[in-house]
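Structure, as structure tokens:
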Amino acid sequence: MSTEYDKLETETRESFGKGAARKLRAAGKVPGVLYGHGTEAQHLTVDAHALYLLVRRSNAIIDLQIDGKSQLALVKDVQRNPVLQGKPAIEHVDLVIVKKGEKVIVDVPVHIEGESAPGTIVNHEWTHLSVEVEALHIPDSLTVSVEGLEEGAHILAGDVELPKGATLLTDADALVAGIVTPAAPSLDEDEEAAEGETAEAADEQREAAAAE
């Protein structure tokens, strides 16, 4: 087993249901399920904090330690509690068995780098691209440069460079990024802003007079 993948200790899960899941989470654990390659689904429990650190990047490959054996798995889905803030708040994780040489379908984030021409802005329309890629060579992200691009320039999904052997599944004509010039504020908007500032100043003067 390659040592380049982060290891994650697991425990076999034998208790099910909402009540059992709540007890696990209260103990700092996360319930999960591992499936794939025609095997029977395995119900597991993992440490919440360790899992949180590993899934901060998309499409993480993890070396699961199950009953003393190693199994590579792709993090397929992470269910989070939308209410909790500032905590890992992971409620469940789905993991898929992967093996060397096989391909998987994943959504890879698109990062924009560089600065477009002065006076223009970049509209980042398509933030992820769906690709089929070798399971053990999933890129963390795909990068496109907008350096120096003028108004009207655009980058399509088909323009994005993919890793060797990867296949784009997103429509090649999907707009990833477009360069535009922001519209100048209308005269009415300028007048409304000025009126708002005048009214605010008048309120401040009245408050000061009342304080005296």
- prompt: Can you tell me which of Val106, Val83, Val93 is closer than 27 Å to Tyr35 by Cβ and either at pLDDT 95 or above or open to solvent by 40 Å² or more (accessible area, probe 1.4 Å) (or both)?
  reply: Val106
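Being more than 23 Å from Lys23 (Cβ to Cβ) and either open to solvent by less than 80 Å² (accessible area, probe 1.4 Å) or out of contact with any Asp or Glu (no Cβ under 6 Å at 6 or more places or on another chain) (or both) is the filter here; which residues of region 70-80 pass it?
Once the filter is applied, which keeps residues that are more than 23 Å from Lys23 (Cβ to Cβ) and either open to solvent by less than 80 Å² (accessible area, probe 1.4 Å) or out of contact with any Asp or Glu (no Cβ under 6 Å at 6 or more places or on another chain) (or both), region 70-80 yields Ser70, Gln71, Leu72, Ala73, Leu74, Val75.
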task: Read through the list (1) free of Cβ contacts under 8 Å to residues at least 24 places away in the same chain; (2) within 30 Å of His154 (Cα to Cα), then give the number of the only condition that Asn123 fails.
output: (1)
Spans of strands (runs of 3 or more DSSP E) in region 6-69 with at least 1 residues open to solvent by 40 Å² or more (accessible area, probe 1.4 Å) and polar (S, T, N, Q): 7-12, 39-47
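So which residues in region 10-46 are among the small types (Gly, Ala, Ser) and at negative phi?
Once the filter is applied, which keeps residues that are among the small types (Gly, Ala, Ser) and at negative phi, region 10-46 yields Ser15, Gly19, Ala20, Ala21, Ala26, Ala27, Gly32, Ala41.
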Identity of the residue in region 154-171, in a strand (DSSP E or B) and among the β-branched types (Val, Ile, Thr), that ends up surrounded by the most Cβ atoms within 10 Å (Cβ to Cβ): Ile155
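Results for (1) more than 30 Å from Lys99 (Cβ to Cβ); (2) in a strand (DSSP E or B); (3) modelled with pLDDT of 95 or more, shown as yes or no for each residue.
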| site | (1), (2), (3) |
| --- | --- |
| Ser130 | no, yes, yes |
| Leu149 | yes, no, yes |
| Asp173 | yes, no, yes |
| Asp190 | yes, no, no |
| Glu195 | yes, no, no |
| Ala202 | yes, no, no |
| Ala209 | yes, no, no |
- request: Check whether at least one residue in region 84-107 is of a type outside the set (Val, Ile, Thr), out of contact with any helix residue (DSSP H, G or I) (no Cβ under 7 Å at 6 or more places or on another chain) and farther than 30 Å from Gln42 by Cβ, and report yes or no.
  value: yes
query: Considering Gly68, Gly28, which residue is more than 25 Å from Val133 (Cα to Cα), at pLDDT 80 or above and in contact with a helix residue (DSSP H, G or I) (Cβ under 6 Å, 6 or more places away or on another chain)?
result: Gly28
query: Going through region 129-153 one residue at a time, which ones are open to solvent by less than 80 Å² (accessible area, probe 1.4 Å) and within 19 Å of Val75 (Cβ to Cβ)?
result: Leu129, Ser130, Val131, Glu132, Val133, Glu134, Ala135, Leu136, Ile138, Pro139, Ser141, Leu142
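The values are calculated or read from the model by the stated rules, or taken from the named source; none is laboratory data. All values reported here derive from a predicted model rather than from experimental measurement. Methodologically, a virtual Cβ is constructed for each residue, glycine included, from the backbone with ideal geometry; neighbour enumeration extends over all protein chains shown. Note: areas computed on protein heavy atoms with side chains; ligands, DNA, RNA excluded. Shrake-Rupley method; radii C 1.70, N 1.55, O 1.52, S 1.80 Å.
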